[in-house]
Every structure is written in C-alpha cells, then in structure tokens.
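A quick write-up on the structure given underneath.
Every read-out reported here was derived from the displayed coordinates using simple, explicitly stated rules and does not represent laboratory data. Remember, it's a predicted structure, so these values are computed and weren't measured experimentally. Ideal geometry is used to build each Cβ from the backbone, glycine not excepted, and the neighbour counts take in all protein chains shown.
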Amino acid sequence: MKPMIKKEEEYFDFLNGIDSKTKKSIETYMLYLMEYNQKVNLISRKITGNALTQLVEETLLLEQYISKDEIIDAGSGNGILGIPIAIKNPRKHIDLVESKEKKAIFLEDIKKKMVLKNVRVYCCSIKEFVNRNKNKETSLIARGFPGIEIFWDFLKKELIKEAVFITSQNKIKKISKYMVNIKKKSYNIPLRNNLKILKMENVSRET
C-alpha cells in the first residue's frame, strides 16, 4: 500500500495532532477511498492525496462543534465526514445516511473493512431517515448538502438537537430567511474563502 503524499506546509495540522493509531486508521480509509474511486466514482478522479488530506482535516475541524454522541451524517457519500469522526471517536455512534446505492455499498464495505462497530449505514433519503428515527438528542452533520433548508425544518420540529455542516457563504445567505428562532454561528475554515462551518440549534423554547 502506497503512503499518502506528504501534506504541503500550508495545510493545517490536525492529522499531526492526533495519536498514531488514529492517524494510521484515517490514512487507511483515505487510501482505500482513492483505490475504490478508480472503480466507482465517489470523489473527483483528479483528487490528490494532499487535497483529500485537507478535506479530512476540515472534517476534524468541524468535529469540535458537535456536542452529542449520536450523530447523523446526511448524504454521507464517500464518508468524508462520518468515517474520520467514527475512527477518532469510537464511543460516538455514527449513522451514515446515503440515498445512492453505489455509495451506500462503499460505506458498508469500508465499515466492515475497518471494523467500525460504532457505524451504521442506511440507504435512504435523510428526510425519510430522520422522520423514522426520531431522536431529539442527535447531531446532524453534512458537507455540500444541496437542500440545507431541510435541516432548519428538522430543528423546528425538534427531530434533531443541532446541525453542523460545511457549506458556502452564498448558501448561508440564501437560507437566512429560514432561520427564525434558530441559534446560529459560523466559523472560518483555513485556506477557504467561500466555505464556512455553520452550526444551528433550536432555541424556540428559550425565547
């Protein structure tokens, strides 16, 4: 198995700040994703090891804003959010929810390959999953999810406790009209001009 390409110096240092066992497991996941991607398109075929490392480090940046141990990864896709968080936090339970079968098959495959006992994979829409599995003490996470206004609806109905996701500044502006009675805060991502981490919580009972 070929080693990951060495990270460029300007990349932030989250992978270097974790223990060696966790780092090795995350790198194993990244290598397997790149190998699998040669057969099934899960991420850009042109992506480099450095670029993939940056995406994972952004995941670990997002992770610090998650307050709950029950986590839903909405539109999990290639697992770039849920898998590293599951590896780093074996006591947290991660539900990877993906509507496309070919991606759900990969997620199930990597779960078994890496023996991730704290991970469950569901092939269905996020709306179907959340309405079926009502757990008010759940954190929902996502990256690049197209219809993020649905997260506001989940919060309003108290189907989830919080939503923490990576999205563009433009999308945040577009959904601002939905954010009535929603506590929200955005966080910068190093080296990204138009991307933010946005955390939303329902505060309707407090106002």
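Note the listed values [x] 1, 7, 16, 20, 21, 17, 11, 5, 2, 0, 0, 0; [y] 1, 7, 12, 16, 18, 18, 14, 8, 4, 1, 0; [z] 2, 7, 15, 21, 19, 14, 10, 6, 4, 2, 1, 0, 0, then indicate which one is P(r) over Cα pairs in 5 Å bins from 0, in percent calculated from this particular structure.
Computed from the coordinates, P(r) over Cα pairs in 5 Å bins from 0, in percent corresponds to [x].
Would you please state which residues of segment 75-115 a label at Asn135 would reach in this model, taking the label point 7 Å out along Cα→Cβ and a backbone N cut-off of under 11 Å?
92-96
State the Cα centre-to-centre distance between segment 138-207 and segment 67-123 in whole Å.
20 Å
With runs of 4+ DSSP H residues as the only contributors, calculate the mean residue ellipticity of the chain at 222 nm using -39,500 (n - 2.57) per run, divided by the residue total and rounded to the nearest 500.
Value at 222 nm, helices only: -10500 deg cm²/dmol.
How large is ³J(HN,Hα), in whole Hz, for each residue of segment 21-34 in order, when computed from phi with the Karplus curve 6.51 cos²θ - 1.76 cosθ + 1.60 and θ = phi - 60°, using x for Gly and Pro?
My calculation for segment 21-34 gives 5, 5, 4, 5, 5, 5, 5, 4, 4, 4, 5, 5, 4, 5 Hz in order.
With +1 assigned to the C-beta of every Lys and Arg and -1 to the C-beta of every Asp and Glu, and no other charges, what is the dipole magnitude of segment 15-206 about the Cα centre in debye, to the nearest 20?
260 debye
Taking R0 as 35 Å, what FRET efficiency do you get between Asn194 and Gln64 from their Cβ-Cβ distance, rounded to the nearest 0.05?
0.95
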